[in-house]
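Novice: One structure, pasted below without further comment.
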Amino acid sequence: MVSQSSSVGFTIMGKTADLTVVQKTTTDTLHKEGKTQKVIAKEAGCSQTSVSKHINREAKGRKRCNRKKCTNNRVNRTLERIVKQNPFKNVGEIHKEWIAAGVSASRTTTQRRMQDMGFSCRIPCVKPLLNNRQRQKRLASKRTGLLLSGPKLCSLMKVNFGFPLDIRVPESGGREERHTIHIS
């Protein structure tokens, strides 16, 4: 710390951290009055650099203005309703429904709002396991009963095949055991 004499008396010039509570409050009040940093430094009895640093640190604490949100509570409730109606849809499909409801928001916004509501949102990063054509074929075969369960398969085999059927069953040891089934 450097000590320096002034016309008022003995002034202590130090770092900003060394400012007393009285010096800080004096600095704040004089700054609010619109005084210059030089005048504040003389009144408070500290260096101009200390005053400048104190003022700048105080200014950093002020409230920042954020970007306005593109959705409001009402629109978010519509998204929540859509998600609850279709819990197994992915983000892209839910986003399309939300856009159809008249909301102008990006897919990322949709995902963020879903996460804010506490829903886990699935983003398909790889192609789906079944494409539409395969899905339609599977649904059609399920409806007609072409996918056969065990008993149906056995009854079909008895009717269609008149010869012995060899079935190989692997054991836990790795060897295959051969079973012959005679169907008559």
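Novice: Quote the FRET efficiency, to the nearest 0.05, computed for Gln115 versus Cys65 with a Förster distance R0 of 35 Å and r equal to the Cβ-Cβ distance.
Specialist: 0.90
Novice: Which value, in debye to the nearest 20, gives the size of the charge dipole of segment 73-117 about its Cα centre, when Lys and Arg are +1 and Asp and Glu are -1 at the Cβ?
Specialist: That gives a dipole near 80 debye.
Novice: Next question. Can you compute the modelled spin-label distance between Ser106 and Lys38, with each label point 7 Å from Cα toward Cβ, in nm?
Specialist: Going from the Ser106 label point to the Lys38 one covers 4.9 nm.
Novice: Would you mind computing, in nm to one decimal, how far apart the modelled labels at Thr25 and Ser141 are, each placed 7 Å from Cα along Cα→Cβ?
Specialist: 8.4 nm
Novice: Over 27 Å between Cα atoms, which of Lys69/Lys96; Lys89/Lys137; Lys32/Lys68; Lys96/Lys137 qualify?
Specialist: As for pairs spanning more than 27 Å Cα to Cα, those are Lys32/Lys68.
Novice: On the first, second and third principal axes, largest extent first, how far apart are the outermost C-alpha atoms of segment 73-117 in Å?
Specialist: 23, 17, 17
Novice: Another question about this same structure. If neighbour count is taken as other Cβ atoms inside 10 Å, put Ile82, Ile40, Ile123, Ile99 in order from fewest to most.
Specialist: Neighbour counts put them in this order, fewest first: Ile123, Ile99, Ile82, Ile40.
Computed from the coordinates by the stated procedures, all read-outs in this text should not be read as laboratory data. These numbers were taken from a predicted model, which means no experiment stands behind them. We place every Cβ from the backbone using ideal geometry, glycine too, and count neighbours over all the protein chains shown.
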